[in-house]
Amino acid sequence: MSNTDRQRALLVIDVQNEYFPGGALPVTYPEATLPRILEAMEAAAASAVPVVVVRHTEPPGEGAFEHGTAGWALRPEIQEQHHDLLVDKRLPGSFTDTDLEAFLRTHHVDTVAVAGYMSQMCCDTTARQAAHLGLNVEFLSDATGTLDVENEAGRVEAAALHNAVLVTQQSGFAKVLSTGEWIEDLPRIR
């Protein structure tokens with residue numbers, strides 16, 4: 001099956017205010033991920049590729065991503081774009097306790113492209129889940145992003161973390177490509 005014969009869907013994961021300046025976890029690497037995500041969404045819509053927007057939701061009192069808060073809200077630019085499904089999730093994997101798999105199966109999707117935040121958490125987990133479900137996975141290198149992370153285990157800078165995820169994804173879970181490469185490979189509607 002050629003790439004243009006695949007039935008794709010674009011998964012736009014957690015593009016919420018918490019990941020932007022003023023939010024709890026502003027993404028810093030790579031730069032300009034939001035314009036790449038929007039380009040992917042526009043190209044998907046123009047090619048009749050289903051777009052699924054995923055939103056992380058925490059219950060009241062949990063802090064970041066708390067349902068109904070300004071930080072939980074989708075970025076306005078994302079909210080304004082066409083999407084075929086909005087999925088609310090509570091865990092890093094977009095398939096866990098959601099209707100995402102049923103939607104993809106109903107639409108005969110065999111390939112998902114992953115865009116959004118954070119590279120090492122929800123994007124990585126979702127890509128691995130998709131691969132485990134037998135789906136082809138495309139991981140958009142410049143439309144996913146992260147930030148410096150420090151915890152009890154140590155510290156890693158955003159660029160190193162993001163690149164490690166890309167290398168791992170390419171090693172057996174996904175095809176890693178730029179947004180431009182992904183758009184070039186989309187089927188054209190005549």
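The values are calculated or read from the model by the stated rules, or taken from the named source; none is laboratory data. In this text the structure is predicted, and so the values were computed from the model without any measurement. No Cβ is skipped: glycine too gets one built from the backbone with ideal geometry, and neighbour counts run over all protein chains shown.
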- prompt: Does region 134-156 include one or more residues that are surrounded by fewer than 20 Cβ atoms within 10 Å (Cβ to Cβ) and in a helix (DSSP H, G or I)?
  reply: no
query: Within region 30-60, how many residues are in contact with an Asp or Glu (Cβ under 8 Å, 6 or more places away or on another chain) and either of a type outside the set (S, T, N, Q) or under 13 Å from THR144 (Cα atoms) (or both)?
result: 15
message: Looking only at region 83-116, count every residue that is touching a residue at least 24 places away in the same chain (Cβ under 8 Å) and either closer than 21 Å to VAL176 by Cβ or acidic (Asp, Glu) (or both) and tell me the total.
response: 16
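Among the residues of region 168-186, count how many are among the hydrophobic types (A, V, I, L, M, F, W, C) and out of contact with any strand residue (DSSP E or B) (no Cβ under 8 Å at 6 or more places or on another chain). Steps first, answer last, please.
Step one: list which residues in region 168-186 are among the hydrophobic types (A, V, I, L, M, F, W, C), which gives 173-174, 176-177, 182-183, 186.
Now narrow it down to the ones that are out of contact with any strand residue (DSSP E or B) (no Cβ under 8 Å at 6 or more places or on another chain): 183.
So the count comes out to 1.
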field: Pairs with Cβ under 6 Å, 6+ apart, first in region 13-26 and at negative phi, second among the basic types (Lys, Arg)
entry: VAL15/ARG75
- prompt: In region 107-162, what count of residues is obtained for those that are more than 21 Å from PRO50 (Cα to Cα), of a type in the set (A, V, I, L, M, F, W, C) and in contact with a helix residue (DSSP H, G or I) (Cβ under 7 Å, 6 or more places away or on another chain)?
  reply: 3
- prompt: Between a first residue in region 48-63 that is farther than 19 Å from ILE37 by Cβ and a second residue that is modelled with pLDDT of 95 or more and part of a strand (DSSP E or B), which pairs have beta carbons less than 8 Å apart while being 6 or more apart in sequence or on different chains?
  reply: THR57/ASP88; THR57/LYS89; GLU58/GLU66; PRO59/GLU66; PRO60/GLU66
task: Specify the residue that is modelled with the lowest pLDDT; the eligible residues are those in region 137-177 that are more than 24 Å from ALA44 (Cα to Cα) and small (Gly, Ala, Ser).
output: GLY172
statement: Log entry, pairs with first residue in region 125-139 being under 11 Å from GLN170 (Cα atoms), second being among the hydroxyl-bearing types (Ser, Thr, Tyr) and not in a helix (DSSP H, G or I), beta carbons closer than 8 Å, six or more apart or on different chains, reads VAL137/THR111; GLU138/THR111
message: Here is a list: ALA64, ALA45, ALA24, ALA70. Which entry is surrounded by fewer than 18 Cβ atoms within 10 Å (Cβ to Cβ) and in a helix (DSSP H, G or I)?
response: ALA45
